[in-house]
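Below you'll find the structure, written out as structure tokens, and then a few comments.
The values are calculated or read from the model by the stated rules, or taken from the named source; none is laboratory data. The structure displayed is predicted, hence computed values, not measured ones. Reconstructed Cβ throughout: ideal geometry from the backbone, glycine too, with neighbour counts over all protein chains shown. Just so you know, the surface numbers come from the protein's heavy atoms only, side chains and all, with ligands and any DNA or RNA stripped out. Shrake-Rupley method; radii C 1.70, N 1.55, O 1.52, S 1.80 Å.
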Amino acid sequence: MNSKQGTKNHNYYSKQGSPLGTIPSDELSNFSDWQDFDQRLAQEIILTKEKGQGLGLMLLDIERLKYINGYLGYELGDQLLSQISQRLQSIMTDRSFFCRYSSDQFAFVFPLGDQLHIYEKKAKDILKLFESPFIVENNILDISVMLGISVYCSLNPQESLEVEELIKFAHIALLRCKSLGKKRYQFYSPELDQKSHNLFLLRNDMHKALAEGQFQLYYQPLVDLYTNEILALEALLRWEHPRYGMISPGDFIPIMEETGFIKKVGKWVLGEVCRHHRQWLNEGFPPTKISVNFSSVQFTEDHFVENIQEILNSNQLDPRYLIIEITENLIMDNDRKVIEDIQRLQEMGIMIAVDDFGTGYSSLSYLDSFKVDVIKIDSSFIQKAPTNKTSAIITRSIITLAHELGIKLVAEGIETPEQLAYLQMFNCYAGQGFLFSKPVPQQEVKVILARNECS
Ligand code: C2E
Ligand code: MG
Ligand code: MG
């Protein structure tokens with residue numbers, strides 16, 4: 001499933017695999033394939049060593065290119081790549097070169113010496129190229145990229161880097177970027193190595209983890225900020241790894257998304273949520289709304305809506321008690337199939353919540369395309385709102401926006417009474433956070449349901 005796994009030359013850091021579309025690589029870059037690029041890089045390293053200089057290798061990862069290809073077709077995907085390539089050409093300088101390194105990655109070499117700040121400036125220049133959207137046949141596409149960077153410095157006697165290591169290090173840095181979030185760059189450092197190695201091991205362990213029941217669901221209540229009454233529960237995935245202990249979803253969800261494994265786990269999550277809900281109902285608890293996080297990748301699943309319907313039916317659950325949390329980037333592209341699927345889910349009675357609101361692409365135009373039921377203001381705004389003027393203004397504006405559009409609002413990550421007071425002052429009625437309850441294991445939910453409030 002993972003297009004970046006295993007060739008003999010490049011271990012798991014390899015490139016190859018998923019379809020590249022129809023456009024020849026040398027129309028997009030200086031090389032027809034990565035082998036030529038690697039050769040040229042090897043020559044450049046020799047030259048750099050001889051001159052006692054340094055060079056930087058950057059791997060640029062284009063987020064969601066696979067989905068754009070999947071939703072809009074390879075022809076449009078290729079047109080997008082051509083435009084990306086044109087923008088990239090504009091920052092190339094003497095002796096620098098680049099190549100399309102895999103279906104959604106470009107690799108660059110900049111022989112710019114051994115000063116990190118020079119590469120930092122270059123990385124910022126590259127990220128800037130993606131600040132304005134790409135327009136491909138009437139589709140306005142906001143493209144996020146990230147950069148993993150490894151720098152070779154021939155003055156450092158400990159460094160005897162060769163092509164493979166340089167590429168491997170840039171990959172490690174890129175993996176780190178992926179777990180930190182989009183639109184950033186990361187330099188390789190040896191400390192990243194251990195982390196990356198662990199993530200690689202996790203990647204291998206996932207299938208076994210599902211089969212052996214290492215995944216669990218925790219639930220965090222969403223509460224009425226005035227009465228403390230429980231309005232819903234959010235299901236949050238946990239991985240109790242036999243060797244590493246509890247692993248945060250922030251670490252493993254990106255890997256699951258990259259490998260496509262999230263589709264399988266996502267189905268498992270929904271199945272478990274429904275099974276738990278059915279149990280609570282059978283034990284006499286009143287029905288509770290349950291909010292489930294869905295990754296964009298899950299929307300590419302075959303029979304996506306039907307599968308959800310089937311899971312609900314087989315547990316005899318009313319769809320009105322399910323909330324599906326999506327992120328803004330899913331709806332930003334205005335993709336017809338996604339919007340249709342969302343509308344079909346809503347017609348069934350399922351509510352759609354936009355998670356981490358305010359952290360994604362800033363365009364609000366999607367609010368015009370279909371009716372969002374719930375907006376969840378990202379915790380970063382809530383936590384800074386009482387003391388930071390910009391966060392305060394953003395929080396207040398989101399509250400007003402939601403009220404005026406008749407969208408329900410939930411504030412995430414409320415930790416202090418000050419944050420709560422601030423939200424109450426601006427008439428935000430619902431929220432979740434450690435101030436009320438941390439996420440609790442499934443077995444403890446019944447205690448919360450019995451009380452029906454968080455004090
Ligand atoms: P999210 O959906 O935005 O979930 C809220 C996160 O904030 C949770 O982290 C929760 O434990 C944490 N949180 C809640 N209240 C507070 C607070 O007061 N302070 C702080 N500092 N944090 C708080 P968690 O469980 O680590 O999940 C992280 C993210 O992983 C989730 O963010 C969600 O995007 C993703 N995720 C979790 N479970 C699933 C799942 O089943 N499927 C998918 N696709 N993603 C999931
Ligand atoms: Mg969520
Ligand atoms: Mg969130």
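Just a few scattered comments:
- Scanning region 274-287 for residues that are away from ligand 1 (no atom under 16 Å from the Cβ), touching a residue at least 40 places away in the same chain (Cβ under 8 Å) and either crowded, with 20+ Cβ neighbours inside 10 Å or in a helix (DSSP H, G or I) (or both) yields a count of 1.
- Residues of region 359-374 that are open to solvent by less than 40 Å² (accessible area, probe 1.4 Å), modelled with pLDDT under 85 and within 16 Å of ligand 1 (Cβ to nearest atom): Gly360 alone.
- Residue that is at pLDDT 95 or above and of a type in the set (Ser, Thr, Tyr), where the choices are Ser380, Ser437: Ser437
- Within region 123-134, the set of residues being outside any loop (DSSP other than H, G, I, E, B) and without any contact (Cβ under 8 Å) to a residue 24 or more places away in the chain comprises just one member, Lys128.
- For region 239-268, a residue qualifies if it is within 16 Å of ligand 3 (Cβ to nearest atom) and not in a helix (DSSP H, G or I), and exactly one does: Ser248.
- Of the helices (runs of 4 or more DSSP H) lying entirely inside region 336-433, those carrying at least 3 residues that are away from ligand 3 (no atom under 16 Å from the Cβ) and among the acidic types (Asp, Glu) are 336-348.
- Taking residues in region 165-177 that are farther than 12 Å from Asp61 by Cα, and partners anywhere that are open to solvent by less than 10 Å² (accessible area, probe 1.4 Å), the pairs with Cβ atoms closer than 6 Å and at least 6 places apart or on different chains are Leu166/Leu57; Leu166/Ser150; Leu166/Tyr152; Phe169/Ser150; Ile172/Ser196.
- Among the residues examined, Gly73 qualifies as surrounded by fewer than 16 Cβ atoms within 10 Å (Cβ to Cβ) and within 21 Å of Asn329 (Cβ to Cβ).
Residue-wise test of (1) out of contact with any Asp or Glu (no Cβ under 9 Å at 6 or more places or on another chain); (2) closer than 28 Å to Asn69 by Cα.
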position: Arg278; (1), (2): yes, no
position: Pro286; (1), (2): yes, no
position: Ile290; (1), (2): no, no
position: Leu312; (1), (2): no, no
position: Phe357; (1), (2): no, yes
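- Any hit, region 409-422, residues being out of contact with any strand residue (DSSP E or B) (no Cβ under 7 Å at 6 or more places or on another chain), touching a residue at least 12 places away in the same chain (Cβ under 8 Å) and within 21 Å of Leu364 (Cα to Cα): no
- The residues of region 375-395 that are buried (at least 18 other Cβ atoms within 10 Å of the Cβ), over 11 Å from Gln419 (Cβ atoms) and more than 12 Å from ligand 1 (Cβ to nearest atom), listed by number, are Ile375, Ile394.
- Those residues of region 288-307 which are in a helix (DSSP H, G or I) and either open to solvent by less than 20 Å² (accessible area, probe 1.4 Å) or within 13 Å of ligand 2 (Cβ to nearest atom) (or both), in sequence order: Val297, Gln298, Phe299, Phe304, Val305
- Once region 396-417 is narrowed to residues that are of a type in the set (D, E, K, R) and open to solvent by 40 Å² or more (accessible area, probe 1.4 Å), the residue that is nearest to ligand 2 (Cβ to nearest atom) is Lys408.
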